[in-house]
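The values are calculated or read from the model by the stated rules, or taken from the named source; none is laboratory data. On a predicted model such as this, the values are computed, not experimentally measured, just so you know. All Cβ positions, glycine included, derive from the backbone under ideal geometry; neighbour counts span all protein chains shown.
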Amino acid sequence: MPNEPRQLVQLMTWQKHPSAEFGPDGSASSIPEAEIEESEGNDEDGQDTSAQELRGRLLKAALGHVNAKGWSVAALQSGAEDLQLSRSASGMISNGAAGLVEYFVEECNHQMAAELESRQEELARMRVPERVRMAVRMRLEMLIPYIDTWPQALGIQAHPAHVATAVRQRAELVDDIWHACGDSSTDYNWYTKRGLLAAVYAATELFMITDYSPGYADTWRCLDRRLADVKRLGGAATEVRQAMNSLLASVGSMAEWAQDAVVQVQKRRQQS
């Protein structure tokens, strides 16, 4: 029995470093340096994965507090408390409120892409404009649970420090939609289709945050009008550029729209 603890230590060391040599006292007297470096690398990879998973859990928990505390560090702190962590754990999200918005957008984009992929048979029976409309509406409906605070999120995205990420995420969104809708263009149409759809999405999104009609019926009519405008273009490059300029001009400054929308939402809450 006296050798069992020593044998156990040797076994655990050997499992981690199969080439280890053991001295008379049972300790590992020689462990190849390469194996030590590999082990340390695996430990670091494991730590990175664990930290990433914890950040994901924290961000997901924080979403449950957005309607009460907005897209803010306070929401992240409450999310940390839900996970029985210190409020200071919110510091794991280095870009704070912007990180929370980026996480939500990323999750929605992935969810939409997966949903469209699972409905390929249904999409195949539809005309392309119908596919695009369904995809855009699907994505916009994901904003509904947070619609009262979404103007604040748009304002955060419009900040110069965060706008590059917002543009990238919008580009990925419209590309996923066109891909799911079967677009195979490789010429300039690849760019114009995505540019136009991005403008349509932005215009409809900004309309939606000030739409109080039942079931957002006015928003879906707005979407139909914007898509009809695009459909009438026919494909001429000059007309496409003119339409994009017109649509983008109608959208105006995202930050200004978001600020106005916040005021309207606050008035609506005071009246209710």
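Take the conditions loosely packed, with under 11 Cβ neighbours inside 10 Å and either hydroxyl-bearing (Ser, Thr, Tyr) or at pLDDT 55 or above (or both) and apply them to Gly46. Does it pass?
Values: loosely packed, with under 11 Cβ neighbours inside 10 Å: yes; either hydroxyl-bearing (Ser, Thr, Tyr) or at pLDDT 55 or above (or both): yes.
Answer is yes for this residue.
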Only listed residue being under 13 Å from the mean Cα position of the chain (by Cα), β-branched (Val, Ile, Thr) and not in a loop (DSSP other than H, G, I, E, B), chosen from Val136, Val105: Val105
Residue under question is Thr210, and the condition is that it be under 17 Å from Ile147 (Cα atoms), modelled with pLDDT of 85 or more and β-branched (Val, Ile, Thr); does it hold? yes
Give the residue that is farthest from Ala124 (Cα to Cα), with candidates limited to residues of the stretch 168-205 that are among the β-branched types (Val, Ile, Thr) and within 21 Å of the chain's Cα centre (by Cα). Thr204
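I'm trying to understand the selection: among the residues of the stretch 139-188, which are surrounded by fewer than 15 Cβ atoms within 10 Å (Cβ to Cβ) and in a helix (DSSP H, G or I)? Let's see the steps before the verdict.
Within the stretch 139-188, the first condition is being surrounded by fewer than 15 Cβ atoms within 10 Å (Cβ to Cβ), and the residues that meet it are 144-145, 159-161, 163-164, 167-168, 171, 179, 182, 184-188.
Result: Ile144, Pro145, Val163, Ala164, Val167, Arg168, Ala171, His179.
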What is the one condition in (1) under 24 Å from Thr204 (Cβ atoms); (2) among the hydrophobic types (A, V, I, L, M, F, W, C); (3) touching a helix residue (DSSP H, G or I) at 6+ places or on another chain (Cβ under 9 Å) that Ala114 does not satisfy? (3)
Near pairs, Cβ below 8 angstrom, 6+ apart or cross-chain, from the stretch 49-75 (among the aromatic types (Phe, Trp, Tyr)) to any residue that is surrounded by 15 or more Cβ atoms within 10 Å (Cβ to Cβ) and not in a helix (DSSP H, G or I): Trp71/Thr149
